[in-house]
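The values are calculated or read from the model by the stated rules, or taken from the named source; none is laboratory data. A quick note: this is a predicted structure, and the numbers were derived from the prediction, not measured. Methodologically, a virtual Cβ is constructed for each residue, glycine included, from the backbone with ideal geometry; neighbour enumeration extends over all protein chains shown. When the accessible area is computed, the model is the full protein with side chains, heavy atoms only, and any ligands, DNA or RNA have been set aside. Shrake-Rupley method; radii C 1.70, N 1.55, O 1.52, S 1.80 Å.
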Amino acid sequence: MVARSSEVRPTAVRRSASPGAVGRRGRRAGRLAGLGFGGAALLVLLTGCDVGAAFGGFGWPQGGITPESRRMYDLWIASCIAALVVGVFVWGLIFWCVVRYRKRGNELPVQTRYNLPMEFLYTIAPVLVVAVLFYYTAVVQTDVVKTTNNPDVTVEVVAFKWNWQFNYRDGQGVDAETTASVLGTSEVIPILVLPSNRSIRFEETSRDVIHSFWVPEMLFKRDVMPGSIRNVFEVSSLESEGAYVGRCAELCGSYHAFMNFELRVVSPENFDRFLAAKQDGASTQDALTAIGEEPYAITTKPFETRRTQDNFNQATTTAGAGS
Ligand SMILES: [Cu+2]
């Protein structure tokens, strides 16, 4: 005989409940679930953007200085809240089942299977969750990597083992000309001076191996490739003036960890004066002093390489030496 019902009753006798009692229990459970969801939604609405701050950004770095970094931050916070709502709902169901269907004697509970609505729910619900997360991720990513035809400032980032050169360009692409340049050395940290509230285009190229341009406060890093690959990204605005450390985020060799630079965000007027001074032949330090800025990096310092004639390239002195 084929069982028509989704409930396969064991041989043991099951306690029966009156239809009215089952209905009341169902309505009560529905009200409780509604209250739970309503409370969670109200909490999120009331606390708004402060949810992220209250929970330390859920592990995401806070204090981004570009609109793009804020959008990524908001996506992360919203994703965490969505995950928590789903998680609390599932935990609630688990504990409710544990209590509601705990063992009450020797009788077997109803053995449920082929429950189509239930199977439909746990197939469709995760697909919907992933689809919504994917949609918002794609929207934010498209916005973050978007480039425009006429950014206010174009700077070429040149990485090499183990330092940086920043070239201010008069246009876009490899055919544009460099109008001023900042070059880092082992003794002087390179300072990338950029204006606030203007759109910036970064065009990256490497002289040797793969490096990665990273300013943590921009919440963004992008590999710097050698050869003909020229990675480009833009920020629509740097919103906070100040000094921010920048790093190479790709293991590029022995002194990779020493490849720091500084991003110095200044007012647009001061940036124009800085650039004019550089184009007139002033050194980076003199041009910075002329606009009232610290001439040397304040967020990082040159690293002592401790590389001497005696300890560098030891292979020549120890070759063949065994122990
Ligand atoms: Cu590097």
Single residue of the range 77-94 satisfying the filter (free of Cβ contacts under 8 Å to residues at least 12 places away in the same chain and within 19 Å of Leu121 (Cβ to Cβ)) that is least open to solvent (accessible area, probe 1.4 Å) = Gly87
Pick out the one residue from Thr112, Thr147 that is more than 16 Å from the ligand (Cβ to nearest atom), under 25 Å from the mean Cα position of the chain (by Cα), more than 30 Å from Asp50 (Cβ to Cβ) and in contact (Cβ under 8 Å) with a residue 12 or more places away in the chain.
-> Thr147
Could you check Thr137 against (1) open to solvent by 70 Å² or more (accessible area, probe 1.4 Å); (2) touching a residue at least 40 places away in the same chain (Cβ under 8 Å); (3) assigned to a helix (DSSP H, G or I) and say which number it fails?
-> (1)
Counted residues in the range 283-297 being open to solvent by 30 Å² or more (accessible area, probe 1.4 Å) and within 23 Å of Asn167 (Cβ to Cβ) come to 9
What pairs can you find where one residue is in the range 245-260 and farther than 17 Å from Gln165 by Cβ, the other is more than 9 Å from the ligand (Cβ to nearest atom) and among the β-branched types (Val, Ile, Thr), and their Cβ atoms are less than 7 Å apart, with a gap of 6+ or different chains?
-> Val245/Thr299; Val245/Thr300
Among the residues of the range 197-209, is there at least one that is within 16 Å of the ligand (Cβ to nearest atom), within 27 Å of the chain's Cα centre (by Cα), crowded, with 21+ Cβ neighbours inside 10 Å and of a type in the set (Gly, Ala, Ser)?
-> yes
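Could you tell me which of the residues Asp152, Asp170 is away from the ligand (no atom under 16 Å from the Cβ), under 21 Å from Gly64 (Cβ atoms) and open to solvent by 50 Å² or more (accessible area, probe 1.4 Å)?
Values: Asp170 fails: under 21 Å from Gly64 (Cβ atoms).
The match here is Asp152.
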Just checking, which of Val265, Val245, Val232 is assigned to a strand (DSSP E or B), within 17 Å of Lys301 (Cα to Cα) and either more than 12 Å from the ligand (Cβ to nearest atom) or touching a helix residue (DSSP H, G or I) at 6+ places or on another chain (Cβ under 8 Å) (or both)?
-> Val245
Enumeration of residues in the range 210-229 that are of a type outside the set (Phe, Trp, Tyr), away from the ligand (no atom under 16 Å from the Cβ) and outside any loop (DSSP other than H, G, I, E, B) | Glu217, Met218
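Conditions (1) in contact with an Asp or Glu (Cβ under 7 Å, 6 or more places away or on another chain); (2) among the charged types (D, E, K, R); (3) at pLDDT 95 or above, marked per residue:
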| site | (1), (2), (3) |
| --- | --- |
| Val188 | no, no, no |
| Leu219 | no, no, no |
| Val232 | yes, no, yes |
| Leu263 | no, no, yes |
Could you grab me the full set of residues in the range 271-311 that are outside any helix (DSSP H, G or I), touching a residue at least 40 places away in the same chain (Cβ under 8 Å) and over 15 Å from Gly242 (Cα atoms)?
-> Lys301, Pro302, Phe303, Thr305
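Looking only at the range 235-282, count how many residues are in contact with a Gly (Cβ under 7 Å, 6 or more places away or on another chain) and at positive phi.
The qualifying residues number 0.
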Could you tell me whether the range 174-194 includes any residue that is of a type in the set (A, V, I, L, M, F, W, C), within 16 Å of the ligand (Cβ to nearest atom), surrounded by fewer than 22 Cβ atoms within 10 Å (Cβ to Cβ) and part of a strand (DSSP E or B)?
-> yes
